[in-house]
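Heads up, the thing below is written out as structure tokens.
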Amino acid sequence: MKYMNLRSALALTVLLSARPLQAQSGGLEVTYGNWWRGDRATVASAQLYKPIAGPLSWGFGVVRIIDEEGVFARSSTGAEVTLALGRSGSGLHFMGSGALVRLHEESNLDAIWSVGAGYEVSPLSFVTLGVDARYRLEDRNLSGFWRRQTDDRSGLALQVGLTLGGGTRRSAVPTRSGGGAPVRTAPTPPSGEDIFNSARNSGASDDNAGLARSIVETALDAMGTPYQWGGTNSNGFDCSGLIKYAYEQNGIIIPRVSRDQARAGRAVEARVAALMPGDILGFSIEGDRVTHVGLYVGNGQFIHSATAGVKISNLVGSDGESNWWTRRWIASRRILN
């Protein structure tokens, strides 16, 4: 019966993990909780997570189990490896792990296998709080996962966790397949002459109009560059990294992160007619604060680095993507006065 429960848990995890998942976040995770395996045990672990590719990441660390059976508590400590799917710092994710532990009171080694799901929230960009539920199987004396022994034990484990450095990658705006803005054919960006004329028509001097054109063209040259969390160069950009790069390549230093960029320069009314090429646009993907930024290029378009990489999006039009961005556009800042 326990074997069938484990098979069902595995099947459910695989089925659920077929949902579209966001890019991974890394960080140091510390968890603590209880494991009911006939009796109750306390489980604590510390793991360092690293992204692999797409929705996959892996963690390696230490797990400690204190068993509450009999007159004396027994404990075991060992190494644990985890493969996670969808650890983005926000929302649902899935994991499977294997651990090799040594009983402190004995010389034998036990293997512990688990599958489960968790939920995370990021109150700060570098802190994630989470809770997970796992079905854990203790394989006593390394008898083999496929060959259960009478003293093998299994049960549900509930753990709470804190991750440092694993906050939500707010700059990685998902596509429709990830639950965010729908995908559409990228619009054609304006020419250098159009950018210059648009800036001049917005009241910029010839010098500032030329600078706006150069900044926008620097960003446009990065079209197709992959998204990379923390990226600020041609190997990969996050949303604020792209804008910082475009400005700094033209001799202007601006803040690094999106929330600070959304306070730089002076405020401009958040409507297309008030914009000038080179303005920074702030979007609220989650909550009521700026969590994503783009660079206005003119003609109702902006360039930004999202999950699919550096691309052009529209603020005008009646298509789904344009409406999606327009509803989330909450701030505009002008650096070139």
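With a 10 Å Cβ neighbour count serving as the proxy for reagent exposure, in which order, fewest first, do Glu138, Glu193 appear?
Glu193, Glu138
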FRET efficiency for Leu164 and Asn235 from the Cβ-Cβ distance with R0 = 30 Å, rounded to 0.05, comes out at 0.75
Note: the stretch 245-337, point scatterers on Cα, Debye, no solvent; log10 I/I(0) at q = 0.14, 0.21 Å⁻¹ equals -0.45, -1.07
Taking r as the C-beta separation of Gln249 and Ile330 and R0 as 25 Å, the FRET efficiency to the nearest 0.05 is 0.40
Counting sequence-distant residues (5 or more places) and residues on other chains, those with an amide H built under 5 Å from that of Arg40 are Glu68
Final fewest-first order of Glu269, Glu120 on the 10 Å Cβ neighbour count is Glu269, Glu120
For the stretch 176-334, averaging the sequence separation of alpha carbon pairs under 8 Å that lie six or more residues apart and dividing by its residue count, the contact order in percent is 26
Proxy exposure order for Asp319, Asp207, Asp194 (fewest C-beta within 10 Å first) is Asp207, Asp319, Asp194
Long-range alpha-carbon pairs in the stretch 176-334, meaning those over 28 Å apart, account in percent for 10
Toy charge model, Lys and Arg Cβ at +1, Asp and Glu Cβ at -1: the stretch 189-333 dipole around Cα centroid in debye, rounded to 20, equals 420
Ranked output for segments 220-231, 305-316 by mean other Cβ atoms within 10 Å, highest leading, reads 305-316, 220-231
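Readers should treat all values here as calculations from the given coordinates under stated rules, not as data from a laboratory. Note that the structure is a prediction, hence the values are computed from the model and not measured. Every residue, glycine as well, gets a Cβ built from its backbone with ideal geometry; the counts of neighbours run over all protein chains shown.
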